[in-house]
1. Tell me the residue from 240, 277 that is part of a helix (DSSP H, G or I), without any contact (Cβ under 8 Å) to a residue 24 or more places away in the chain and out of contact with any strand residue (DSSP E or B) (no Cβ under 8 Å at 6 or more places or on another chain), please.
2. Residue 338 versus (1) without any contact (Cβ under 8 Å) to a residue 60 or more places away in the chain; (2) within 21 Å of residue 31 (Cβ to Cβ); (3) buried (at least 19 other Cβ atoms within 10 Å of the Cβ): which is the lone unmet condition?
3. Can you tell me which residues in the stretch 62-116 are within 11 Å of the ligand (Cβ to nearest atom), in a helix (DSSP H, G or I) and open to solvent by 50 Å² or more (accessible area, probe 1.4 Å)?
4. Being within 13 Å of the ligand (Cβ to nearest atom) and open to solvent by less than 10 Å² (accessible area, probe 1.4 Å): is that true of residue 226 here?
5. For the stretch 121-133, indicate whether the set of residues that are within 12 Å of the ligand (Cβ to nearest atom), closer than 22 Å to residue 238 by Cβ and open to solvent by 20 Å² or more (accessible area, probe 1.4 Å) is non-empty.
6. Just checking, how many residues over the stretch 168-185 are surrounded by fewer than 22 Cβ atoms within 10 Å (Cβ to Cβ) and either within 16 Å of the ligand (Cβ to nearest atom) or part of a loop (DSSP other than H, G, I, E, B) (or both)?
7. Here is a check on your reading of the model: is residue 162 modelled with pLDDT under 95 and part of a loop (DSSP other than H, G, I, E, B)?
8. Does residue 282 count as over 29 Å from residue 96 (Cα atoms), assigned to a loop (DSSP other than H, G, I, E, B) and of a type outside the set (Lys, Arg)?
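The values are calculated or read from the model by the stated rules, or taken from the named source; none is laboratory data. All values reported here derive from a predicted model rather than from experimental measurement. Because the Cβ atoms are built from the backbone with ideal geometry, glycine has one as well, and the counts that use them run over all protein chains shown. Keep in mind that these areas ignore ligands, DNA and RNA; they rest on the heavy atoms of the full protein, side chains included. Shrake-Rupley method; radii C 1.70, N 1.55, O 1.52, S 1.80 Å.
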Amino acid sequence: MKAKQRIVDLPVYKPGKPIEEVKKELGLKNIIKLASNENPYGCSPKVNEAVIAELEQTNMYPDGASSKLRQALAAHLNIEENQFIFGAGSDDVLLMICRAYLEAGDETVMATPTFPQYKHNAEIEGAVSIEVPLNNGNHDLPAMAKAITEKTKIVWVCNPNNPTGTMVSHEELVEFMQQIPTHILVVIDEAYVEYNYNNKQFPRSLELLQQYDNMMILRTFSKIYGLAAHRIGYGIANSHVIQTVNQVREPFNTTRFAQAAAIAAIRDQAFVTTCCHKNEEGIHYLSQQFNRLKLQYFPAHGNFIMVHLDRPAEAVFEYLLSQGIIVRGGNYLGYPTSIRVTVGTQEQNVAFITALEKTLQHISPV
Ligand SMILES: *Cc1c(COP(=O)(O)O)cnc(C)c1O
């Protein structure tokens, strides 16, 4: 059998190591996973109640249109119901965007390093990714605007950027949008938006949607809402863009359980606020510790920090792993001497710093 030529050499996503696997391999009892930016506080207790109630209808297909979730989210964000599309995580939504808009030979502009799924899905469609290097960890929006040609169909802005955690401000985004031709779709990936509720500089992207018909926002329940296992995320855009993307959506692409979980999660904003505060304390603690250890790091605007260790990331990763801490090695992320660490609970953060100090003594700088 002959596979489609353009998929055979695609890199396969390397997930953070699963906890159970590491426990077995190393014979360790306690493992702390700070690799995938999951919420260390779990999810709202209301979520599991809602999911359990839904189990009675396991034999029934979910509502393909996610109507109840759509209503709940529309009310919560003050957006029209026909401006949403739901997916099995925002990964699914960005796949649908690529499927709906990209043809072989089209170009799509993105930063590098950034979230790998933009390029991955673009390549599956045969589109060419134009990767514009970050400028000191930040999106170089002027350079990205210059990279646009008549072949460009989609531009991706990951805000805050994964893996660096850096942020594009409201003013920067507006200035950028003004330069982008209106037939090009600009996708703003806001997987960590909720962590920025207190940040006046963070783009008021929902407001900008009213002005820019060619903008789409991606959000998820996987991060602060703590529903990563359920696979539910969404896109927000003007209703014409939503209709186009909806053409390629699988009929039942989100589960009954995920929809119920997301509704319950939206209703418990106290949980979200608490997680935000604890995350801020965690960032403050980790930053202080990095300062004490004389380590540079990018300013963090999500629930993760990229810290520069001046040591080979692979070796650092292995040494931290041997102490029961899983992080993300920068060697996979375009920063071969850095690591990306998720902000954990205070107890996890302290354990991480203790292990990191040992690691710095054990592995010499390059
Ligand atoms: C985690 C993440 C996503 C995708 O999360 P889903 O679980 O698929 O909703 C998308 N973009 C960025 C930048 C992320 O970090």
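1. Values: 240 fails: without any contact (Cβ under 8 Å) to a residue 24 or more places away in the chain.
Selected residue: 277, the only one of 240, 277 that is part of a helix (DSSP H, G or I), without any contact (Cβ under 8 Å) to a residue 24 or more places away in the chain and out of contact with any strand residue (DSSP E or B) (no Cβ under 8 Å at 6 or more places or on another chain).
2. Failing condition for residue 338: (2).
3. 91, 95
4. no
5. The answer is no; no qualifying residue exists.
6. 6
7. The answer is no for residue 162.
8. For residue 282, the condition - over 29 Å from residue 96 (Cα atoms), assigned to a loop (DSSP other than H, G, I, E, B) and of a type outside the set (Lys, Arg) - is not met.
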